[in-house]
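**Q** Please read through the structure below; I'll follow up with questions.
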Amino acid sequence: MKDDQHTKRGAQSAVDELEMKPMGIEDLDEVIEIEKSSFPTPWTLGIFMREFELEFSHRYVFDLAGGVAGYIVFWLIEGEVHIMSVAVRRDLRRLGIGTEVLKRSLEKAKEIGGRYVFLEVREYNDAGVGLYRKMGFRVVYKRRGYYTDTKEDALIMVRDI
């Protein structure tokens, strides 16, 4: 029981220490490492660089003790927020950081005009689907064969902000 309490305190401490800041070019090495360890077909440096050129793209990193613990990229177009990519460093998963990344990002999106948010998630990404459901997202559609790398279906999930 004590170990579980220490783990919970450590997780809360990690969440409390997270610093949300705009993603900069200097963050991309760490972001790309997280991306590579998170997705079968990770975004490339070129894809991330393109995001810096898009007026409607919003990019944030979540620092923990001077290193990137997680990140999010979302688009905001006429009140519609589309989460493009979100991930947490592998060794920091299951500590509540993903929940905090989404919570703070949705607060920011609302602050800048977001009214509702949607995303695609691999149907069998149980951790991702569970997190999104916990955060109030609901499945509205299944897009068959959406992921070209594996031919997996995508669940389209939405929620109001």
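Read the figures in this text as sums done on the coordinates, not as results from a lab. This one's a predicted model, so the numbers in the text were calculated from it and none came from an experiment. Quick reminder, even Gly has a Cβ in these numbers, built from the backbone with ideal geometry, and neighbours come from all protein chains shown.
**Q** Neighbouring Cβ atoms within 10 Å as the yardstick, rank M84, M135 fewest first. Present the calculation step by step, with values, prior to reporting the outcome.
**A** Working: M84 18, M135 15.
If I rank by nearby Cβ atoms, fewest first, I get M135, M84.
**Q** Follow-up. Kindly provide the helix-only [θ] at 222 nm of the chain, computed as the sum of -39,500 (n - 2.57) over DSSP H runs of four or more divided by all residues, to the nearest 500 deg cm²/dmol?
**A** On the way: 5 runs with 58 residues, N = 161.
Helix-only estimate at 222 nm: -11000 deg cm²/dmol.
**Q** Then there is this: For the range 2-120, with only Lys/Arg (+1) and Asp/Glu (-1) charged at the beta-carbon, what is the dipole magnitude about the Cα centre, in debye rounded to 20?
**A** Numbers: 16 positive and 22 negative charges, 97 e Å.
Here the size comes out at about 460 debye.
**Q** Ranked by Cβ crowding within 10 angstrom, fewest neighbours first, how are I83, I156, I77 ordered? Can you show the working numbers first?
**A** Details: I83 21, I156 16, I77 12.
The order, fewest Cβ neighbours first, is I77, I156, I83.
**Q** Under the rule a/c < 1.5 gives rounded, and otherwise a/b versus b/c splits prolate from oblate, where does the range 93-160 land using the Cα gyration tensor?
**A** Working: a/c = 2.31, a/b = 1.47, b/c = 1.57.
Because a/c hits 1.5 or more and a/b fails to exceed b/c, the range 93-160 counts as oblate.
**Q** Please rank D63, D126, fewest neighbouring Cβ atoms within 10 Å first, as an exposure proxy. Mind showing how you got there, number by number?
**A** On the way: D63 17, D126 9.
Arranged by neighbour count, lowest to highest, D63, D126 become D126, D63.
**Q** Starting from the Cα of K142, draw a straight line to each of the aspartates and glutamates and keep only those under 20 Å, dropping any in the same chain fewer than 8 residues away.
**A** Cα-Cα hits under 20 Å: E80, E120, E123, D126, E152, D153, D160.
**Q** Please work out whether the range 1-123 counts as rounded, prolate or oblate from its C-alpha gyration tensor, where a ≥ b ≥ c are the square roots of the eigenvalues and a/c under 1.5 means rounded, while otherwise a/b larger than b/c means prolate and anything else oblate?
**A** Numbers: a/c = 1.85, a/b = 1.46, b/c = 1.26.
Prolate.
**Q** Continuing with this model, one more query. Among K110/K151; K36/K110; K21/K103; K21/K110, which pairs are too far apart, with a Cα-Cα distance over 22 Å?
**A** On the way: K110/K151 33 Å; K36/K110 29 Å; K21/K103 14 Å; K21/K110 16 Å.
Those over the limit are K110/K151; K36/K110.
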